[in-house]
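Asks: Take a look at this one; I'll ask things after.
The values are calculated or read from the model by the stated rules, or taken from the named source; none is laboratory data. Keep in mind that this is a model prediction, so the values were computed, not measured. Glycine also receives a Cβ, built like all others from the backbone with ideal geometry; neighbour counts cover every protein chain displayed. The area values use the complete protein model at the heavy-atom level, side chains included, leaving out ligands, DNA and RNA. Shrake-Rupley method; radii C 1.70, N 1.55, O 1.52, S 1.80 Å.
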Amino acid sequence: MTELNTPDFLQDAKQLLSDDGFATSNVWYHGTSSGLIPSVTNQGLVGGGDAALMKRMQSTLKTIQAPAFTAEDPVFLTQSKELAYYWAEQKSKSRNLYFNNDETPVVFEVTLSDEENARVKTDAGGAALLMEPGNAYLTHLKEVYKACGKELEEINPLKADRMDYLNKLGLAYCAEPISKKAVKLLQD
């Protein structure tokens, strides 16, 4: 695994992480690639919102005669800038692979009203991460915990409390689009 160097201004795990996991509020974070900044600032966050990457992937699948798929992903969120940066790094790698650009990871802050915040759900789909041997996100997360003087306990995906995916793993989503008014690009 390569080491992820999260910029200092995005390092917040030490402030958020307790023995109960990551603290939550009505402020969330979404990590993505710099190539999507115009889309997010103009439209807000929309599930499955990387239309260009989806089109390119569909074209690749068609070329190799594989069945096409549809992406109706929700908007993925986390309560930590540091964890959002991990996902931003992954998105940048994907877009750079497909588009040969020099995109960089970016993190958006998402501030929701109480009504909007009630729509954020814990992402129990994280069970798939737990079942994958050597999952890179979990390896990274264990390093984050260790840097904070904590230990990420083993979570059994078949017996886990649904809230563990949010509190312990920092995985959340919103099934509805998030207005551009609620979104702010974080910069050093």
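Asks: Could you list, in sequence order, all residues of the stretch 111-126 that are crowded, with 18+ Cβ neighbours inside 10 Å, in contact with a Cys (Cβ under 9 Å, 6 or more places away or on another chain) and either aromatic (F, W, Y) or within 14 Å of N167 (Cα to Cα) (or both)?
Replies: V120
Asks: Being modelled with pLDDT of 95 or more and in contact with an Asp or Glu (Cβ under 9 Å, 6 or more places away or on another chain) is the filter here; which residues of the stretch 111-126 pass it?
Replies: Listed by number, the residues that qualify are E116, R119, T122.
Asks: Restricting attention to the stretch 16-34, report how many residues are more than 18 Å from T111 (Cα to Cα) and either over 16 Å from the mean Cα position of the chain (by Cα) or open to solvent by 90 Å² or more (accessible area, probe 1.4 Å) (or both).
Replies: Total satisfying the criteria: 5.
Asks: Are any residues in the stretch 88-120 among the hydrophobic types (A, V, I, L, M, F, W, C) and within 17 Å of A172 (Cβ to Cβ), and if so, which ones?
Replies: As a first pass, look at the stretch 88-120 and keep what is among the hydrophobic types (A, V, I, L, M, F, W, C): 88, 97, 99, 106-108, 110, 112, 118, 120.
Across the stretch 88-120, the qualifying residues are A88, V107, F108, V110, L112, A118, V120.
Asks: Give the residues of the stretch 127-161 that are at pLDDT 95 or above, among the basic types (K, R) and open to solvent by 70 Å² or more (accessible area, probe 1.4 Å), sorted by residue number.
Replies: K142, K146 - these are the residues of the stretch 127-161 that are at pLDDT 95 or above, among the basic types (K, R) and open to solvent by 70 Å² or more (accessible area, probe 1.4 Å).
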